[in-house]
Structures are given as C-alpha cells and as structure tokens.
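Report on one structure; see the data block that follows.
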Amino acid sequence: MPVTIGQTPDAGFDQPLKLLSDCHRRIEKFLNILIHIAEERRGDALDSEHRDALEAALRYFKNAAPWHTRDEEDSLFPRMRQSDDPRVRAVMKQIDALEDDHVAADAQHARVEELGRCWLVAGRLDTSDVTALRNRLVALRETYRRHIAEEDDMIFPLAGEVLSGSQLNRIGREMAQRRGIDPDRPSPRCRHAQNHPGRAN
Ligand SMILES: [Fe+2]
Ligand SMILES: [Fe+2]
C-alpha cells in the first residue's frame, strides 16, 4: 500500500488557517493508513510495504502531528480568546472542548504508538492487542471526524473573520518557527517529505 503524501501543495505559512486545514488532511490520511493496516493484516506478519506505511504513520503522529496541536493551543486559540467579538464568546466552551479532545486523542495515540511499535518489533500482534489497536483507531476516527469538522467548518472560518491580518501573520510566523523554519524566508511548501522541517505537519 503506497503512502503518498501532499499530492496537492499545501498553503504557505502566510495562510495559517488554510495550512491548519491542510494538516487535517494529513491527520485523516495517516489515520486511514493505520486503520487499513490493522484491518487488513489483523496482527499478522507485515510485508515491507505495510511495514513502511505503519512506520511512516506512527512517525507522523509521534513527531509531526503534535505541532498542529501546539499551533491551535498556543497560537490560534489564545488569540481567539482575547477577542471580545460575541461570535467568539459564543464558542468559548467549544474551544475548551476542542482542547479536551486533544488530551484524549494524545492518550489514544500513545497506546496506538505502543501497540504499533510492538507489532513492528515482534513481527506479529496477538488477538487481544489487535482488538485494542483497532478499538483505539476507531475511537480516534470518530473523535477526529467531529473535531476536524468543527475546526474546518466553524472555528477556522470564524478566526478568519475576527482576527486581524497582523494576528494571522503572527500565527503563521509562530507555526514556521515551531518547525525550525525562518519565517522571513520564502514560504516553504509541504509536498513530499514526511516529518521534514520544511513540512507544516
Ligand atoms: Fe484541534
Ligand atoms: Fe486541528
């Protein structure tokens, strides 16, 4: 199962809200890869293609996806909380709940990482661990389905309306710096590399 990433060029750091949505597409993509492997192989031996795909997806969620959480919790949400726009005040509890989702998802991902690494090292996964892995992945899929829809369809568009251009610019710069990228260089595009400093995540 080939892993293809970034078939469409991502937005640059000068479009932080678009870039955050691009990151959602990667979360969905790598989660689908994990689910596909768990359901197709069911703990059996992995061929090189499945092994590579499993490693890539685990690496993504361990190393790159946390940047996205930081983008939201440290850059976007705090600026929205500073807004006195009534539309933002109306979704404050929802933003708090989105952060709660991040904590819950982190716990699920930690167990997925543990089980996935076990599978890679041992070459197989026993039935109870396969069930545990699939249950975690299904729970994550349900959480992300709702969570990402709320962010893409409501929170990000609202942020685009209530945050100033300078605030959005600052968010984009922080996103770049978080990834070790100089924001004053031309906007890097996220095309092919996984977990590469030039990728958004
Ligand atoms: Fe989020
Ligand atoms: Fe998000």
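Quick look at the numbers
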item: Test set (1) of a type in the set (Phe, Trp, Tyr); (2) over 12 Å from the mean Cα position of the chain (by Cα); (3) not in a loop (DSSP other than H, G, I, E, B) - Phe13 fails condition number; result: (3)
item: So Asp74, is it of a type outside the set (Lys, Arg) and assigned to a loop (DSSP other than H, G, I, E, B); result: no
item: Residue within the range 34-44 that is within 16 Å of ligand 2 (Cβ to nearest atom), under 16 Å from Gln108 (Cα atoms), in contact (Cβ under 8 Å) with a residue 60 or more places away in the chain and in contact with a helix residue (DSSP H, G or I) (Cβ under 8 Å, 6 or more places away or on another chain) present; result: no
item: Test: Ala105 is within 13 Å of the chain's Cα centre (by Cα) and part of a helix (DSSP H, G or I); result: yes
item: Single residue of the range 71-99 satisfying the filter (surrounded by fewer than 16 Cβ atoms within 10 Å (Cβ to Cβ) and touching a residue at least 60 places away in the same chain (Cβ under 8 Å)) that is farthest from Leu163 (Cα to Cα); result: Gln94
item: The range 66-79, residues that are within 11 Å of ligand 2 (Cβ to nearest atom) and either at pLDDT below 95 or over 15 Å from Ile27 (Cα atoms) (or both); result: Glu73, Leu76, Phe77
item: Test result for Val162, in contact (Cβ under 8 Å) with a residue 24 or more places away in the chain, crowded, with 19+ Cβ neighbours inside 10 Å and more than 12 Å from ligand 2 (Cβ to nearest atom); result: no
item: Selected residue [closer than 21 Å to Arg42 by Cα, in contact (Cβ under 8 Å) with a residue 40 or more places away in the chain and outside any helix (DSSP H, G or I)] from Arg124, Arg134, Arg117, Arg59; result: Arg124
item: Within the range 102-133, considering residues that are within 16 Å of ligand 2 (Cβ to nearest atom) and aliphatic (A, V, I, L, M), the one surrounded by the most Cβ atoms within 10 Å (Cβ to Cβ); result: Ala105
item: Test: residue in the range 82-98 that is outside any helix (DSSP H, G or I) and under 22 Å from Arg145 (Cβ atoms); result: yes
item: Members of the range 12-51 that are farther than 16 Å from Arg70 by Cα, touching a His at 6+ places or on another chain (Cβ under 8 Å) and buried (at least 21 other Cβ atoms within 10 Å of the Cβ); result: Ile37
item: Sole residue being modelled with pLDDT of 95 or more, away from ligand 2 (no atom under 16 Å from the Cβ) and closer than 19 Å to Lys62 by Cβ, chosen from Arg141, Arg136; result: Arg136
item: So Pro66, is it surrounded by fewer than 14 Cβ atoms within 10 Å (Cβ to Cβ) and either out of contact with any Ser or Thr (no Cβ under 9 Å at 6 or more places or on another chain) or hydrophobic (A, V, I, L, M, F, W, C) (or both); result: no
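Rundown of residues vs (1) closer than 30 Å to Glu39 by Cβ; (2) within 15 Å of ligand 1 (Cβ to nearest atom), yes/no style:
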{"residue": "Val138", "(1), (2)": "yes, no"}
{"residue": "Arg146", "(1), (2)": "yes, yes"}
{"residue": "Ala149", "(1), (2)": "yes, yes"}
{"residue": "Asp153", "(1), (2)": "yes, yes"}
{"residue": "Phe156", "(1), (2)": "no, yes"}
{"residue": "Asn169", "(1), (2)": "no, no"}
{"residue": "Gly172", "(1), (2)": "no, no"}
{"residue": "Met175", "(1), (2)": "no, yes"}
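The values are calculated or read from the model by the stated rules, or taken from the named source; none is laboratory data. Because the structure is a prediction, the values reported are computed rather than measured. Every residue, glycine as well, gets a Cβ built from its backbone with ideal geometry; the counts of neighbours run over all protein chains shown.
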